[in-house]
Amino acid sequence: MWRSLALAAALGTAVAAHAQQEVEVPKTPGWELIMRCVICHSVEIAVQQRFGPQGWSETLDRMIKYGAPIPPEDKAQLMAYLLRHYRDPAGR
Amino acid sequence: MPHETEAALSRRGFLIATGSTLAATALRPAAGDAQTPAPPPVPGKEKLIVRSSRPLNLEARVTDLTTYHTPESAFFVRNNYDAAPVDPAQWSMRIEGEVDNPVVLRLDDLRKLPALTQDVTLECAGNGRAFHQPRASGIQWEHGAVGTQRFTGVRLADVLALAKLRPAARHVAFDGVDKPPTPQAPDFIRSVPLWKALAPHTMLAFEMAGRPIPHLHGGPVRAIVPGFVGSASIKWLERVMALTEEFNGFYMKSNYTAPRADNDKEVYSLQSLEVKSVIVNPAEGARLAAGKVTAWGWAWAGEGELTGVDVSTDGGKTWTTATLVGPSDRYAWRQWEHAWDAAAGSHTLMARATDSLGRMQPASRAFNRLGYRWNVIHAVKVDVA
(Lines give C-alpha, C1' and ligand atoms only; values in the text may rest on other atoms or scores of the structure.)
Protein backbone atom coordinates (compact mmCIF):
# COMPACT_ATOMS: atom_id res chain seq x y z
CA MET A 1 0.00 0.00 0.00
CA TRP A 2 1.25 3.42 -0.81
CA ARG A 3 1.43 6.20 1.67
CA SER A 4 -0.20 9.31 0.30
CA LEU A 5 2.85 11.57 0.50
CA ALA A 6 5.09 8.99 -1.09
CA LEU A 7 2.50 8.78 -3.80
CA ALA A 8 2.60 12.52 -4.37
CA ALA A 9 6.40 12.50 -4.48
CA ALA A 10 6.51 9.58 -6.91
CA LEU A 11 4.03 11.21 -9.22
CA GLY A 12 5.09 14.82 -8.99
CA THR A 13 7.48 14.41 -11.90
CA ALA A 14 4.87 12.81 -14.11
CA VAL A 15 2.43 15.63 -13.42
CA ALA A 16 5.05 18.35 -13.92
CA ALA A 17 6.09 16.75 -17.22
CA HIS A 18 2.78 17.81 -18.71
CA ALA A 19 2.99 21.47 -17.90
CA GLN A 20 0.98 22.53 -20.95
CA GLN A 21 -2.18 24.50 -20.61
CA GLU A 22 -5.38 22.47 -20.61
CA VAL A 23 -7.59 23.83 -17.89
CA GLU A 24 -7.37 27.11 -16.10
CA VAL A 25 -8.17 27.78 -12.48
CA PRO A 26 -8.31 31.26 -10.93
CA LYS A 27 -5.04 32.32 -9.27
CA THR A 28 -6.21 33.25 -5.82
CA PRO A 29 -4.64 31.96 -2.58
CA GLY A 30 -4.75 28.16 -2.43
CA TRP A 31 -4.80 27.54 -6.17
CA GLU A 32 -1.54 25.58 -6.08
CA LEU A 33 -3.23 22.99 -3.87
CA ILE A 34 -5.40 22.01 -6.84
CA MET A 35 -2.21 20.53 -8.31
CA ARG A 36 -2.65 17.70 -5.83
CA CYS A 37 -5.99 16.75 -7.35
CA VAL A 38 -4.42 15.97 -10.74
CA ILE A 39 -2.39 13.15 -9.22
CA CYS A 40 -5.46 10.96 -9.75
CA HIS A 41 -7.72 12.71 -12.24
CA SER A 42 -7.95 15.76 -14.46
CA VAL A 43 -8.84 19.04 -12.84
CA GLU A 44 -12.14 19.13 -14.78
CA ILE A 45 -13.39 16.39 -12.46
CA ALA A 46 -12.89 18.74 -9.53
CA VAL A 47 -13.91 22.10 -10.98
CA GLN A 48 -17.06 20.95 -12.78
CA GLN A 49 -18.55 20.48 -9.29
CA ARG A 50 -20.44 23.07 -7.28
CA PHE A 51 -21.04 22.23 -3.64
CA GLY A 52 -21.70 23.98 -0.36
CA PRO A 53 -19.39 23.49 2.65
CA GLN A 54 -20.73 20.04 3.53
CA GLY A 55 -20.49 18.73 -0.02
CA TRP A 56 -16.91 19.93 -0.52
CA SER A 57 -15.82 18.72 2.92
CA GLU A 58 -17.23 15.23 2.32
CA THR A 59 -15.70 15.12 -1.15
CA LEU A 60 -12.24 16.12 0.13
CA ASP A 61 -12.49 13.56 2.97
CA ARG A 62 -13.22 10.88 0.38
CA MET A 63 -10.19 11.99 -1.69
CA ILE A 64 -8.02 11.90 1.44
CA LYS A 65 -9.25 8.36 2.14
CA TYR A 66 -8.16 7.44 -1.41
CA GLY A 67 -4.69 8.80 -0.62
CA ALA A 68 -4.85 12.48 -1.63
CA PRO A 69 -1.95 14.24 0.16
CA ILE A 70 -4.01 16.87 1.96
CA PRO A 71 -3.11 17.41 5.63
CA PRO A 72 -5.71 19.24 7.81
CA GLU A 73 -4.22 22.75 7.41
CA ASP A 74 -4.25 22.37 3.63
CA LYS A 75 -7.81 21.06 3.70
CA ALA A 76 -8.97 24.30 5.33
CA GLN A 77 -7.24 26.35 2.63
CA LEU A 78 -8.59 24.15 -0.15
CA MET A 79 -12.10 24.45 1.29
CA ALA A 80 -11.82 28.23 1.25
CA TYR A 81 -10.55 28.16 -2.33
CA LEU A 82 -13.20 25.75 -3.58
CA LEU A 83 -16.01 27.62 -1.83
CA ARG A 84 -14.79 30.89 -3.29
CA HIS A 85 -14.84 29.71 -6.89
CA TYR A 86 -16.87 26.51 -7.08
CA ARG A 87 -19.71 27.00 -4.67
CA ASP A 88 -23.36 26.29 -5.31
CA PRO A 89 -25.26 28.70 -3.07
CA ALA A 90 -28.24 26.32 -3.15
CA GLY A 91 -26.07 23.21 -2.69
CA ARG A 92 -25.13 21.30 0.45
CA MET B 1 -0.69 -10.54 -15.32
CA PRO B 2 -1.32 -13.30 -12.73
CA HIS B 3 2.05 -12.53 -11.12
CA GLU B 4 1.32 -8.89 -10.47
CA THR B 5 -0.02 -7.62 -7.18
CA GLU B 6 -3.08 -5.37 -6.85
CA ALA B 7 -0.82 -2.42 -6.04
CA ALA B 8 1.44 -3.02 -9.00
CA LEU B 9 -1.58 -3.22 -11.27
CA SER B 10 -2.95 0.00 -9.88
CA ARG B 11 0.32 1.77 -10.24
CA ARG B 12 0.69 0.58 -13.78
CA GLY B 13 -2.83 1.72 -14.59
CA PHE B 14 -2.06 5.09 -13.13
CA LEU B 15 1.26 5.61 -14.90
CA ILE B 16 -0.29 4.69 -18.21
CA ALA B 17 -3.03 7.21 -17.62
CA THR B 18 -0.57 9.92 -16.61
CA GLY B 19 1.87 9.19 -19.39
CA SER B 20 -0.72 9.46 -22.13
CA THR B 21 -0.70 12.71 -24.05
CA LEU B 22 -4.43 12.49 -24.51
CA ALA B 23 -4.92 12.24 -20.84
CA ALA B 24 -2.41 14.77 -19.66
CA THR B 25 -3.88 17.57 -17.66
CA ALA B 26 -1.87 20.42 -16.31
CA LEU B 27 -2.61 23.67 -14.69
CA ARG B 28 -1.96 27.28 -15.36
CA PRO B 29 -3.48 30.01 -13.29
CA ALA B 30 -6.27 31.95 -14.95
CA ALA B 31 -6.28 35.69 -14.76
CA GLY B 32 -9.96 36.24 -14.14
CA ASP B 33 -12.86 34.25 -12.83
CA ALA B 34 -13.39 30.50 -12.62
CA GLN B 35 -13.41 29.20 -16.19
CA THR B 36 -12.45 25.99 -17.90
CA PRO B 37 -11.50 26.28 -21.57
CA ALA B 38 -11.99 23.10 -23.55
CA PRO B 39 -9.12 20.58 -23.32
CA PRO B 40 -7.63 19.36 -26.64
CA PRO B 41 -9.76 16.97 -28.68
CA VAL B 42 -9.14 13.22 -28.90
CA PRO B 43 -8.20 11.92 -32.39
CA GLY B 44 -11.31 10.62 -34.17
CA LYS B 45 -13.49 12.20 -31.52
CA GLU B 46 -13.07 15.89 -32.43
CA LYS B 47 -16.83 16.39 -32.70
CA LEU B 48 -17.41 15.44 -29.10
CA ILE B 49 -17.43 17.74 -26.07
CA VAL B 50 -14.67 16.92 -23.55
CA ARG B 51 -16.20 16.72 -20.08
CA SER B 52 -13.03 15.29 -18.53
CA SER B 53 -9.68 14.38 -20.08
CA ARG B 54 -8.56 11.88 -17.37
CA PRO B 55 -10.51 9.75 -16.98
CA LEU B 56 -11.78 10.40 -20.49
CA ASN B 57 -15.40 11.51 -20.71
CA LEU B 58 -16.80 12.77 -24.03
CA GLU B 59 -20.34 13.52 -25.14
CA ALA B 60 -22.04 14.30 -28.44
CA ARG B 61 -23.99 17.40 -29.33
CA VAL B 62 -27.54 16.20 -29.74
CA THR B 63 -27.59 17.71 -33.27
CA ASP B 64 -24.77 15.29 -34.23
CA LEU B 65 -26.93 12.26 -33.37
CA THR B 66 -28.40 12.21 -36.87
CA THR B 67 -28.35 8.49 -37.75
CA TYR B 68 -29.89 5.34 -36.29
CA HIS B 69 -26.42 3.81 -35.82
CA THR B 70 -24.19 6.38 -34.18
CA PRO B 71 -20.89 6.75 -36.06
CA GLU B 72 -17.84 6.14 -33.86
CA SER B 73 -16.94 9.83 -34.26
CA ALA B 74 -20.17 10.86 -32.50
CA PHE B 75 -20.40 8.01 -29.96
CA PHE B 76 -19.94 9.15 -26.36
CA VAL B 77 -17.15 7.87 -24.09
CA ARG B 78 -17.74 7.35 -20.39
CA ASN B 79 -14.72 6.09 -18.43
CA ASN B 80 -14.79 5.83 -14.66
CA TYR B 81 -11.08 5.00 -14.92
CA ASP B 82 -8.94 4.85 -18.04
CA ALA B 83 -7.27 1.65 -19.18
CA ALA B 84 -4.33 0.75 -21.38
CA PRO B 85 -5.28 -0.90 -24.69
CA VAL B 86 -5.54 -4.68 -24.46
CA ASP B 87 -4.05 -6.87 -27.21
CA PRO B 88 -6.88 -9.16 -28.44
CA ALA B 89 -4.37 -12.00 -28.95
CA GLN B 90 -3.36 -11.77 -25.28
CA TRP B 91 -6.87 -11.23 -23.95
CA SER B 92 -8.47 -13.72 -21.59
CA MET B 93 -11.32 -13.63 -19.11
CA ARG B 94 -11.97 -15.63 -15.93
CA ILE B 95 -15.42 -16.89 -14.92
CA GLU B 96 -15.38 -17.53 -11.19
CA GLY B 97 -17.35 -17.34 -7.94
CA GLU B 98 -20.51 -19.43 -7.55
CA VAL B 99 -19.60 -21.86 -10.35
CA ASP B 100 -18.61 -25.53 -10.29
CA ASN B 101 -16.23 -25.20 -13.21
CA PRO B 102 -14.23 -21.93 -13.11
CA VAL B 103 -12.86 -21.30 -16.59
CA VAL B 104 -10.48 -18.97 -18.38
CA LEU B 105 -11.69 -18.10 -21.87
CA ARG B 106 -9.92 -16.51 -24.82
CA LEU B 107 -11.43 -14.88 -27.91
CA ASP B 108 -11.26 -18.17 -29.85
CA ASP B 109 -13.30 -19.86 -27.12
CA LEU B 110 -15.99 -17.19 -27.38
CA ARG B 111 -16.06 -17.48 -31.18
CA LYS B 112 -16.97 -21.19 -30.85
CA LEU B 113 -20.26 -20.24 -29.18
CA PRO B 114 -23.36 -19.21 -31.20
CA ALA B 115 -22.99 -15.57 -32.26
CA LEU B 116 -25.60 -12.88 -31.76
CA THR B 117 -25.86 -9.45 -33.44
CA GLN B 118 -28.19 -6.76 -32.16
CA ASP B 119 -28.72 -2.99 -32.17
CA VAL B 120 -28.48 -1.53 -28.68
CA THR B 121 -28.85 2.00 -27.34
CA LEU B 122 -26.37 2.74 -24.59
CA GLU B 123 -26.96 5.73 -22.34
CA CYS B 124 -24.94 6.89 -19.36
CA ALA B 125 -27.01 6.89 -16.14
CA GLY B 126 -25.92 10.48 -15.59
CA ASN B 127 -26.95 11.77 -19.03
CA GLY B 128 -28.79 15.08 -18.39
CA ARG B 129 -27.22 15.57 -14.96
CA ALA B 130 -26.20 19.13 -15.89
CA PHE B 131 -29.87 20.15 -15.83
CA HIS B 132 -30.42 19.26 -12.17
CA GLN B 133 -30.81 22.16 -9.72
CA PRO B 134 -28.82 22.58 -7.52
CA ARG B 135 -25.87 21.10 -9.34
CA ALA B 136 -25.60 17.35 -8.81
CA SER B 137 -22.38 15.45 -8.18
CA GLY B 138 -20.58 13.91 -11.15
CA ILE B 139 -19.77 14.51 -14.83
CA GLN B 140 -21.95 17.37 -16.09
CA TRP B 141 -23.53 15.59 -19.07
CA GLU B 142 -26.16 17.43 -21.10
CA HIS B 143 -28.04 15.40 -23.75
CA GLY B 144 -25.29 13.59 -25.60
CA ALA B 145 -24.13 10.65 -23.46
CA VAL B 146 -26.28 8.31 -25.55
CA GLY B 147 -25.90 6.47 -28.84
CA THR B 148 -26.83 3.29 -30.70
CA GLN B 149 -24.47 0.61 -31.95
CA ARG B 150 -24.70 -2.77 -33.64
CA PHE B 151 -22.93 -5.23 -31.34
CA THR B 152 -21.89 -8.79 -32.13
CA GLY B 153 -20.90 -11.31 -29.51
CA VAL B 154 -22.16 -14.29 -27.54
CA ARG B 155 -24.84 -14.73 -24.92
CA LEU B 156 -23.61 -14.36 -21.36
CA ALA B 157 -25.93 -17.29 -20.52
CA ASP B 158 -23.92 -19.58 -22.84
CA VAL B 159 -20.66 -18.49 -21.22
CA LEU B 160 -22.05 -19.02 -17.71
CA ALA B 161 -23.24 -22.49 -18.76
CA LEU B 162 -19.62 -23.45 -19.59
CA ALA B 163 -18.69 -22.54 -16.02
CA LYS B 164 -21.67 -24.43 -14.54
CA LEU B 165 -23.49 -21.92 -12.34
CA ARG B 166 -24.32 -23.12 -8.86
CA PRO B 167 -27.95 -22.82 -7.68
CA ALA B 168 -26.82 -20.27 -5.06
CA ALA B 169 -25.81 -17.76 -7.78
CA ARG B 170 -28.20 -14.78 -7.80
CA HIS B 171 -26.11 -11.95 -9.31
CA VAL B 172 -23.33 -11.69 -11.87
CA ALA B 173 -20.58 -9.07 -11.55
CA PHE B 174 -18.32 -7.70 -14.28
CA ASP B 175 -14.80 -6.38 -13.79
CA GLY B 176 -12.66 -4.74 -16.47
CA VAL B 177 -8.92 -4.12 -16.69
CA ASP B 178 -9.41 -0.48 -15.63
CA LYS B 179 -8.06 0.05 -12.13
CA PRO B 180 -8.46 2.95 -9.69
CA PRO B 181 -5.56 5.41 -9.30
CA THR B 182 -4.68 4.11 -5.82
CA PRO B 183 -5.43 0.81 -4.09
CA GLN B 184 -7.55 2.67 -1.52
CA ALA B 185 -9.93 3.93 -4.22
CA PRO B 186 -12.77 1.60 -5.28
CA ASP B 187 -12.39 -0.67 -8.31
CA PHE B 188 -15.03 -0.17 -11.00
CA ILE B 189 -17.06 -3.36 -10.62
CA ARG B 190 -20.81 -3.64 -11.18
CA SER B 191 -23.24 -6.54 -11.03
CA VAL B 192 -26.60 -7.37 -12.58
CA PRO B 193 -29.28 -9.68 -11.14
CA LEU B 194 -29.28 -13.25 -12.44
CA TRP B 195 -32.51 -12.80 -14.44
CA LYS B 196 -30.80 -10.11 -16.48
CA ALA B 197 -27.51 -12.01 -16.78
CA LEU B 198 -29.37 -15.02 -18.23
CA ALA B 199 -31.70 -13.01 -20.48
CA PRO B 200 -31.11 -13.93 -24.15
CA HIS B 201 -30.09 -10.38 -25.11
CA THR B 202 -27.38 -9.91 -22.45
CA MET B 203 -24.11 -10.49 -24.20
CA LEU B 204 -20.35 -10.40 -24.18
CA ALA B 205 -19.62 -8.41 -27.32
CA PHE B 206 -16.43 -8.40 -29.39
CA GLU B 207 -17.58 -6.42 -32.42
CA MET B 208 -19.14 -2.99 -32.82
CA ALA B 209 -20.43 -1.96 -36.26
CA GLY B 210 -18.95 -5.18 -37.70
CA ARG B 211 -15.40 -4.47 -36.55
CA PRO B 212 -13.44 -5.27 -33.36
CA ILE B 213 -14.71 -3.00 -30.58
CA PRO B 214 -12.43 0.08 -30.44
CA HIS B 215 -10.42 0.49 -27.26
CA LEU B 216 -12.30 3.60 -26.12
CA HIS B 217 -15.54 1.62 -26.31
CA GLY B 218 -14.33 -1.36 -24.29
CA GLY B 219 -12.68 -3.83 -26.67
CA PRO B 220 -11.55 -6.57 -26.99
CA VAL B 221 -14.62 -7.72 -25.04
CA ARG B 222 -17.33 -5.67 -23.41
CA ALA B 223 -20.43 -6.72 -21.48
CA ILE B 224 -23.57 -5.42 -23.17
CA VAL B 225 -26.61 -5.24 -20.91
CA PRO B 226 -29.40 -3.81 -23.10
CA GLY B 227 -32.04 -1.73 -21.32
CA PHE B 228 -29.89 -1.10 -18.26
CA VAL B 229 -27.93 2.07 -17.52
CA GLY B 230 -24.69 2.20 -19.50
CA SER B 231 -22.49 1.47 -16.49
CA ALA B 232 -23.80 -2.12 -16.43
CA SER B 233 -22.06 -2.66 -19.78
CA ILE B 234 -18.56 -2.97 -18.33
CA LYS B 235 -15.67 -2.35 -20.73
CA TRP B 236 -12.38 -4.24 -21.18
CA LEU B 237 -13.84 -7.30 -19.44
CA GLU B 238 -11.36 -9.55 -17.65
CA ARG B 239 -13.44 -11.20 -14.94
CA VAL B 240 -17.03 -12.37 -14.51
CA MET B 241 -18.08 -13.37 -10.99
CA ALA B 242 -21.21 -15.28 -10.03
CA LEU B 243 -22.36 -14.04 -6.61
CA THR B 244 -25.04 -14.86 -4.03
CA GLU B 245 -25.73 -11.14 -3.44
CA GLU B 246 -25.55 -7.89 -5.39
CA PHE B 247 -21.86 -6.91 -5.61
CA ASN B 248 -20.96 -5.01 -2.45
CA GLY B 249 -18.87 -2.08 -3.68
CA PHE B 250 -18.87 1.70 -4.14
CA TYR B 251 -20.23 1.57 -7.69
CA MET B 252 -23.26 -0.51 -6.60
CA LYS B 253 -23.99 0.83 -3.11
CA SER B 254 -23.00 4.49 -3.43
CA ASN B 255 -22.52 5.65 -7.03
CA TYR B 256 -25.16 4.63 -9.58
CA THR B 257 -27.83 4.67 -6.87
CA ALA B 258 -30.98 6.77 -6.45
CA PRO B 259 -33.43 7.26 -3.56
CA ARG B 260 -36.15 4.61 -3.37
CA ALA B 261 -39.69 5.69 -4.24
CA ASP B 262 -41.14 4.15 -1.06
CA ASN B 263 -38.43 5.39 1.30
CA ASP B 264 -36.12 8.16 0.18
CA LYS B 265 -33.72 7.55 3.09
CA GLU B 266 -32.62 4.39 1.28
CA VAL B 267 -31.12 3.97 -2.15
CA TYR B 268 -31.27 1.29 -4.81
CA SER B 269 -28.74 0.45 -7.47
CA LEU B 270 -29.93 1.72 -10.86
CA GLN B 271 -31.07 -0.87 -13.39
CA SER B 272 -33.41 0.15 -16.24
CA LEU B 273 -32.98 3.32 -18.23
CA GLU B 274 -35.83 5.82 -18.02
CA VAL B 275 -38.38 6.46 -20.78
CA LYS B 276 -36.87 9.37 -22.71
CA SER B 277 -36.79 11.30 -25.97
CA VAL B 278 -34.61 13.98 -27.50
CA ILE B 279 -35.25 16.48 -30.27
CA VAL B 280 -32.48 16.41 -32.90
CA ASN B 281 -34.18 18.82 -35.34
CA PRO B 282 -34.78 21.72 -35.08
CA ALA B 283 -31.78 22.65 -32.96
CA GLU B 284 -32.04 24.85 -29.88
CA GLY B 285 -32.04 28.50 -30.97
CA ALA B 286 -32.60 27.70 -34.66
CA ARG B 287 -33.93 30.47 -36.94
CA LEU B 288 -36.29 28.91 -39.42
CA ALA B 289 -38.25 30.05 -42.45
CA ALA B 290 -42.03 29.81 -42.09
CA GLY B 291 -43.57 26.72 -43.65
CA LYS B 292 -43.07 22.96 -43.46
CA VAL B 293 -40.52 21.77 -40.89
CA THR B 294 -39.95 18.12 -40.03
CA ALA B 295 -39.35 18.00 -36.30
CA TRP B 296 -37.68 14.72 -35.38
CA GLY B 297 -35.57 12.91 -32.81
CA TRP B 298 -35.05 9.66 -30.92
CA ALA B 299 -36.94 7.94 -28.13
CA TRP B 300 -36.08 4.92 -25.96
CA ALA B 301 -37.39 3.24 -22.85
CA GLY B 302 -34.83 0.84 -21.33
CA GLU B 303 -36.65 -2.18 -19.93
CA GLY B 304 -39.95 -0.75 -21.13
CA GLU B 305 -41.16 -0.87 -24.71
CA LEU B 306 -41.70 2.49 -26.32
CA THR B 307 -45.43 2.98 -26.96
CA GLY B 308 -45.42 6.48 -28.42
CA VAL B 309 -44.06 10.00 -28.63
CA ASP B 310 -46.16 13.15 -28.35
CA VAL B 311 -44.98 16.48 -29.72
CA SER B 312 -45.95 19.98 -28.70
CA THR B 313 -45.13 23.10 -30.71
CA ASP B 314 -46.69 25.52 -28.20
CA GLY B 315 -44.61 24.90 -25.08
CA GLY B 316 -46.71 21.98 -23.82
CA LYS B 317 -50.23 23.45 -24.08
CA THR B 318 -51.34 21.00 -26.77
CA TRP B 319 -49.85 17.69 -27.88
CA THR B 320 -50.07 15.62 -31.07
CA THR B 321 -48.91 12.08 -31.69
CA ALA B 322 -45.63 11.85 -33.58
CA THR B 323 -45.03 9.18 -36.23
CA LEU B 324 -42.56 6.44 -35.36
CA VAL B 325 -40.32 5.70 -38.33
CA GLY B 326 -37.25 3.65 -39.22
CA PRO B 327 -35.93 0.47 -37.59
CA SER B 328 -37.70 -0.91 -34.55
CA ASP B 329 -35.42 -2.97 -32.31
CA ARG B 330 -36.38 -3.98 -28.78
CA TYR B 331 -33.41 -2.35 -27.02
CA ALA B 332 -32.56 0.45 -29.43
CA TRP B 333 -33.91 3.95 -29.83
CA ARG B 334 -36.72 4.65 -32.28
CA GLN B 335 -36.88 7.60 -34.60
CA TRP B 336 -39.97 9.82 -34.35
CA GLU B 337 -41.05 12.69 -36.57
CA HIS B 338 -43.71 15.32 -36.79
CA ALA B 339 -44.63 17.52 -39.78
CA TRP B 340 -44.89 21.01 -38.38
CA ASP B 341 -46.37 23.94 -40.26
CA ALA B 342 -44.29 26.69 -38.69
CA ALA B 343 -45.83 30.18 -38.51
CA ALA B 344 -43.78 33.33 -37.84
CA GLY B 345 -42.92 33.93 -34.17
CA SER B 346 -41.08 32.28 -31.28
CA HIS B 347 -42.01 28.70 -30.47
CA THR B 348 -41.09 26.06 -27.91
CA LEU B 349 -41.07 22.50 -29.26
CA MET B 350 -41.33 19.57 -26.87
CA ALA B 351 -41.23 15.78 -27.18
CA ARG B 352 -42.63 13.36 -24.60
CA ALA B 353 -42.24 9.57 -24.77
CA THR B 354 -44.41 6.91 -23.10
CA ASP B 355 -43.77 3.21 -22.59
CA SER B 356 -45.34 -0.19 -21.87
CA LEU B 357 -44.50 0.10 -18.16
CA GLY B 358 -46.94 3.02 -17.92
CA ARG B 359 -44.13 5.56 -17.71
CA MET B 360 -44.31 8.99 -19.31
CA GLN B 361 -41.57 11.61 -19.39
CA PRO B 362 -42.18 14.08 -16.55
CA ALA B 363 -42.19 17.89 -16.56
CA SER B 364 -39.76 17.89 -13.62
CA ARG B 365 -37.54 15.48 -11.70
CA ALA B 366 -36.90 15.62 -7.95
CA PHE B 367 -33.29 16.49 -7.15
CA ASN B 368 -31.14 13.51 -6.25
CA ARG B 369 -27.61 13.99 -4.97
CA LEU B 370 -25.90 12.09 -7.77
CA GLY B 371 -28.02 13.56 -10.54
CA TYR B 372 -29.47 10.40 -12.08
CA ARG B 373 -32.79 9.63 -13.82
CA TRP B 374 -32.90 12.87 -15.83
CA ASN B 375 -35.64 12.29 -18.38
CA VAL B 376 -37.50 15.57 -18.13
CA ILE B 377 -39.29 16.51 -21.37
CA HIS B 378 -36.79 18.01 -23.83
CA ALA B 379 -37.77 21.52 -24.94
CA VAL B 380 -36.23 23.44 -27.85
CA LYS B 381 -36.83 27.16 -28.53
CA VAL B 382 -36.84 28.36 -32.14
CA ASP B 383 -37.60 31.56 -34.03
CA VAL B 384 -39.57 31.43 -37.26
CA ALA B 385 -39.31 34.39 -39.63
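Remarks
- Set of lysines near B:Lys292 by C-alpha distance (under 23 Å), chain-local residues within fewer than 8 positions excluded: B:Lys317, B:Lys381
- Rounded FRET efficiency, nearest 0.05, which uses the C-beta distance separating B:Ala290 from B:Gln133 and R0 of 41 Å: 0.75
- Simple spin-label estimate for A:Met35 and A:Glu73 gives 1.7 nm between the two label positions (7 Å along the Cα-to-Cβ direction from each Cα).
- Each label was represented as a point 7 Å from its Cα along the Cα-to-Cβ direction; for A:Thr59 and B:Ser73 these points are 3.4 nm apart.
- Cβ crowding within 10 Å averaged over residues, with B:104-110, B:58-64 ranked highest first: B:58-64, B:104-110
- Nearest-0.05 FRET efficiency for A:Arg84 and B:Thr117, computed from C-beta distance (R0 60 Å): 0.65
- Length added when fully stretched, B:Asp341-B:Ala209, from 0.36 nm per residue minus Cα-Cα: 43.8 nm
- Spin-label proximity, B:Glu46 to segment B:207-236 - amide N less than 13 Å from point 7 Å beyond Cα toward beta carbon: none
- Using C-alpha pairs below 8 Å separated by at least 6 residues, the relative contact order for chain B is 16 percent.
- Cα point-scatterer Debye curve for chain B, base-10 log of I(q)/I(0) at q = 0.06, 0.08, 0.10 Å⁻¹: -0.24, -0.43, -0.67
- For segment B:6-269: lysine pairs under 18 Å (alpha-carbon distance), excluding those fewer than 8 apart on one chain: 5
- Residue-normalised convex hull volume from the C-alpha trace of segment A:23-92: 77 Å³ per residue.
- The long axis of helix B:6-19 is offset from the longest Cα principal axis of chain B by roughly 40 degrees.
- Mean ellipticity per residue at 222 nm, deg cm²/dmol - from DSSP H runs of n ≥ 4 across chain B, formula -39500 (n - 2.57): -2500 deg cm²/dmol
- Heavy-atom accessible area per residue - chain B, 1.4 Å, Å²: 41
- Per the accessible-area calculation with a 1.4 Å probe, the total area buried between chain A and chain B rounds to 3800 Å².
- Mean shadow area of the protein assembly as shown, taken as a quarter of the surface of its Cα convex hull (nm²): 23.6
- Within the accessible area of the protein assembly as shown (1.4 Å probe), percent carbon and sulfur: 54
- Hull volume in cubic angstrom per residue (convex hull over the Cα atoms of segment B:174-220): 81
The values are calculated or read from the model by the stated rules, or taken from the named source; none is laboratory data. Quick caveat, the model's predicted, so the values are computed rather than measured. All Cβ positions, even for glycine, are placed from backbone atoms using ideal geometry, and neighbour counts span all protein chains on display. For accessibility, only protein heavy atoms count, side chains too; no ligands or nucleic acids. Shrake-Rupley method; radii C 1.70, N 1.55, O 1.52, S 1.80 Å.
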